[in-house]
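Asks: Take this structure, written in structure tokens, and hold onto it; I'll ask about it next.
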Amino acid sequence: MGAGHAHKLYRHGHSPVHGLPPHCKLAATLAFVVVVVSTPREAVWAFGLYAALLAGVAAVARIPAGFLLRRLLIEVPFVAFAVLMPFVAEGERVQVLGMSLSISGLWGAWNVLAKGTLGVAASVLLASTTELRALLLGLQRLKLPPLLVQIASFMIRYGDVISDELRRMSIARRSRGFEASGIRHWGVLAKTAGALFIRSYERGERVYLAMVSRGYAGSMPVIDEVAATRAQWAYAAVLPVTALAVCLMGWTL
């Protein structure tokens, strides 16, 4: 992999969580999310313990609560969907504050809200303690198909380039007196999107030819290979293993 690319979710630090190899954190996060999804929705107490586990990880990583909460706003559309479920679901109903709500809808809303929030929180913690470049190296270390890793890498590298291209095109339109104010301007915006696609495609061809001329043969070179010790794997496994114990208790109680 080439040089890294900073992102807004990452918070620089030197905590034990920051120091773990990326593939350990990726595996631990995936295992934790699988355990959370597998937990019965009726085990309300279990989700509280999961939240406490994530809070403990955030404390060890020295990630402020405000930093995490602001980035959890990405799940607002899912919250809106969960709020509607008690009103539209069928089945036995109960009166709550004068409103007739479906019991199955209430459980469904709780299921979506609790598991979705915990999954997003775990992902935000992963992104907050791992740089994008390290995440790509971790995915490669976990044997994700190389083509998918390369696509993700180029998307990260050239996302800002395409955004800057679109910004320059927007400035050029405004400098000529254009302001999109209604449906009659959709044709201009459609032409802008087409021009942006063509420019991006041509840029991709030029980048590919430049890579081939420098010896590219289908795989990107790995500059620094990050290996994990048994102690690091054990440290990363604390979160999913503890969550698994809680999940098993939820199924047996």
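Asks: Checking V120 against (1) closer than 16 Å to R71 by Cβ; (2) over 17 Å from the mean Cα position of the chain (by Cα), only one condition comes out false. Which one?
Replies: Only one criterion in (1) closer than 16 Å to R71 by Cβ; (2) over 17 Å from the mean Cα position of the chain (by Cα) is unmet by V120, namely (2).
Asks: Residue check: is A172 in a helix (DSSP H, G or I) and under 30 Å from the mean Cα position of the chain (by Cα)? Walk me through it before giving the result.
Replies: On the way: in a helix (DSSP H, G or I): yes; under 30 Å from the mean Cα position of the chain (by Cα): no.
No.
Asks: Consider I198 carefully, then state whether it is open to solvent by 80 Å² or more (accessible area, probe 1.4 Å), assigned to a helix (DSSP H, G or I) and at pLDDT 85 or above. Full working, then the answer.
Replies: Numbers: open to solvent by 80 Å² or more (accessible area, probe 1.4 Å): yes; assigned to a helix (DSSP H, G or I): yes; at pLDDT 85 or above: yes.
Yes; evaluated as a whole, the condition is true for this residue.
Asks: Among the numbered conditions (1) over 17 Å from W233 (Cβ atoms); (2) at pLDDT below 95; (3) within 21 Å of the chain's Cα centre (by Cα), tell me where V33 comes up short.
Replies: Every listed condition holds for V33 apart from (2).
Asks: In the set A152, A180, which member is under 30 Å from V17 (Cβ atoms), among the hydrophobic types (A, V, I, L, M, F, W, C), in contact with a helix residue (DSSP H, G or I) (Cβ under 9 Å, 6 or more places away or on another chain) and free of Cβ contacts under 8 Å to residues at least 24 places away in the same chain? Talk me through it step by step, then tell me what you get.
Replies: Details: A180 fails: under 30 Å from V17 (Cβ atoms).
Of the residues listed, the single one that is under 30 Å from V17 (Cβ atoms), among the hydrophobic types (A, V, I, L, M, F, W, C), in contact with a helix residue (DSSP H, G or I) (Cβ under 9 Å, 6 or more places away or on another chain) and free of Cβ contacts under 8 Å to residues at least 24 places away in the same chain is A152.
Asks: Okay, next question. I'd like the full set of residues that are free of Cβ contacts under 8 Å to residues at least 40 places away in the same chain and not charged (D, E, K, R), limited to region 119-148.
Replies: The answer is L144, P145, L147, L148.
Asks: Still on this structure, I have one more. Taking the condition at pLDDT 85 or above, in a helix (DSSP H, G or I) and β-branched (V, I, T), does V124 pass? Outline the logic, then answer.
Replies: On the way: at pLDDT 85 or above: yes; in a helix (DSSP H, G or I): yes; β-branched (V, I, T): yes.
When the stated conditions are applied, V124 passes them.
Asks: Under 9 Å between Cβ atoms, at least 6 apart or on separate chains: pull out the pairs that start in region 41-61 with a residue that is closer than 14 Å to G119 by Cα and end on any residue that is of a type in the set (D, E, K, R) and open to solvent by 60 Å² or more (accessible area, probe 1.4 Å).
Replies: F47/R41
Asks: Further question on the same structure: When the residues of region 175-195 are filtered to those that are basic (K, R) and not in a loop (DSSP other than H, G, I, E, B), which remaining residue is modelled with the lowest pLDDT?
Replies: Let us first name the residues in region 175-195 that are basic (K, R), namely 176, 184, 191.
Adding the requirement that they be not in a loop (DSSP other than H, G, I, E, B) leaves 184, 191.
Values: R184: 75, K191: 86.
Checking each candidate, the answer is R184.
Asks: Let me ask something else. Got a number for residues in region 130-145 being part of a helix (DSSP H, G or I) and either touching a Leu at 6+ places or on another chain (Cβ under 8 Å) or open to solvent by 30 Å² or more (accessible area, probe 1.4 Å) (or both)? So that I can check it myself, show each step before the final result.
Replies: Quick first cut of region 130-145, residues part of a helix (DSSP H, G or I) only: 132-141.
Checking which are either touching a Leu at 6+ places or on another chain (Cβ under 8 Å) or open to solvent by 30 Å² or more (accessible area, probe 1.4 Å) (or both) leaves us with 132-133, 135, 138-141.
Looking only at that region, the number is 7.
Asks: Looking at region 218-237, can you tell me whether even one residue there is open to solvent by 60 Å² or more (accessible area, probe 1.4 Å), out of contact with any Ser or Thr (no Cβ under 7 Å at 6 or more places or on another chain), more than 30 Å from S123 (Cβ to Cβ) and assigned to a helix (DSSP H, G or I)?
Replies: no
The values are calculated or read from the model by the stated rules, or taken from the named source; none is laboratory data. Since the model is a prediction, treat every value here as computed from it, not as a measurement. Positions of Cβ are generated from backbone atoms using ideal geometry, with glycine treated the same way; all protein chains shown enter the neighbour counts. These area figures cover heavy atoms from the full protein model, side chains too; ligands, DNA and RNA do not enter into them. Shrake-Rupley method; radii C 1.70, N 1.55, O 1.52, S 1.80 Å.
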